[in-house]
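Enquirer: Quick one: this structure, given as structure tokens, is what I'll be asking you about.
Please treat every number below as a calculation from the coordinates, not as lab data. Since we're looking at a predicted model, the values are computed, not measured. Here Cβ is always computed from backbone atoms with ideal geometry, including for glycine, and neighbour counts include all displayed protein chains.
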């Protein structure tokens with residue numbers, strides 16, 4: 001799977017660890033930055049990530065910041081993105097199964113590396129359930145439905 005990952009400075013180390021983890025699982029990873037742990041603004045990286053998910057360059061995205069909140073808000077500004085902020089695997093599973101989430105957000109100050117990997121595993125291994133969820137998910141990308 002082709003996956004994009006982006007963060008702010010607070011999640012720089014977590015991004016690097018998860019990037020390597022994804023590569024070890026055989027995924028193709030596009031690291032959208034930042035390239036250093038110097039202070040940056042999370043919206044810039046959230047918008048960059050949303051763009052490549054929305055245009056189909058990648059199949060999924062991973063968005064990281066200190067809490068996960070700010071970058072998830074930035075990603076969700078794009079109507080083609082369904083970014084779910086999670087802190088444990090069940091939420092990651094349900095985000096895929098019920099909401100067809102295409103971006104996973106986590107907070108580096110709140111989620112340790114082992115839990116982040118478990119969330120990522122759940123997110124990547126769960127398919128969208130379809131069925132009764134389809135109409136609801138369609139409304140997320142087209143509010144006029």
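Enquirer: Quick one: 65, 119, fewest Cβ neighbours within 10 Å first, how do they rank?
Expert: Numbers: 65 31, 119 26.
Result, fewest neighbours first: 119, 65.
Enquirer: Then there's this: Would you give the gap between the C-alpha center of segment 1-64 and the C-alpha center of segment 84-142, rounded to a whole Å?
Expert: Segment 1-64 and segment 84-142 have Cα centres spaced 16 Å from each other.
Enquirer: Using a Gaussian network model of the chain whose springs link C-alpha atoms within less than 10 Å, name the residue from 19, 82, 132 with the highest mean-square fluctuation.
Expert: It is 132.
Enquirer: Which one of 53, 29, 103 has the biggest mean-square fluctuation once the chain is modelled by GNM with Cα springs under 10 Å?
Expert: Sorting by GNM fluctuation, first place goes to 29.
Enquirer: Among 77, 96, 39, which one moves the most in a GNM of the chain with springs linking Cα atoms closer than 10 Å?
Expert: 39
Enquirer: Quick one: angle between helix 89-99 and the longest Cα principal axis of the chain, in degrees between 0 and 90, rounded to 10, please.
Expert: Roughly 40 degrees, rounded to the nearest 10.
Enquirer: Still on this model: Just grab the label-to-label distance for residue 133 and residue 79, each label 7 Å out from Cα along the Cβ direction, in nm (one decimal).
Expert: Distance between label points: 2.2 nm.
Enquirer: Counting only helical runs of four or more DSSP H residues, what would the 222 nm mean residue ellipticity of the chain come to if each run contributes -39,500 (n - 2.57) and the total is spread over all its residues? Please list the in-between numbers first.
Expert: Working: 6 runs with 65 residues, N = 145.
Taken over the chain, the calculation gives -13500 deg cm²/dmol.
Enquirer: When the distances between all Cα atoms of segment 1-96 are binned every 10 Å from zero, what whole-number percent does each bin get?
Expert: Spelled out per bin, shortest first, that is 18, 52, 30, 1.
Enquirer: To the nearest 10 degrees, how steep is helix 12-24 against the longest Cα principal axis of the chain, on a 0 to 90 scale?
Expert: 70 degrees
Enquirer: Which FRET efficiency, nearest 0.05, do residue 125 and residue 47 yield, Cβ-Cβ r, R0 22 Å?
Expert: Numbers: r = 28 Å, r/R0 = 1.25.
Calculated value: 0.20.
Enquirer: Also: Relative to the longest principal Cα axis of the chain, at what angle does helix 42-54 sit, 0 to 90 degrees, rounded to 10?
Expert: Approximately 50 degrees, to the nearest 10.
Enquirer: How high is the relative contact order of the chain, given as a whole-number percent (alpha carbon pairs under 8 Å, six or more residues apart)?
Expert: 23 percent
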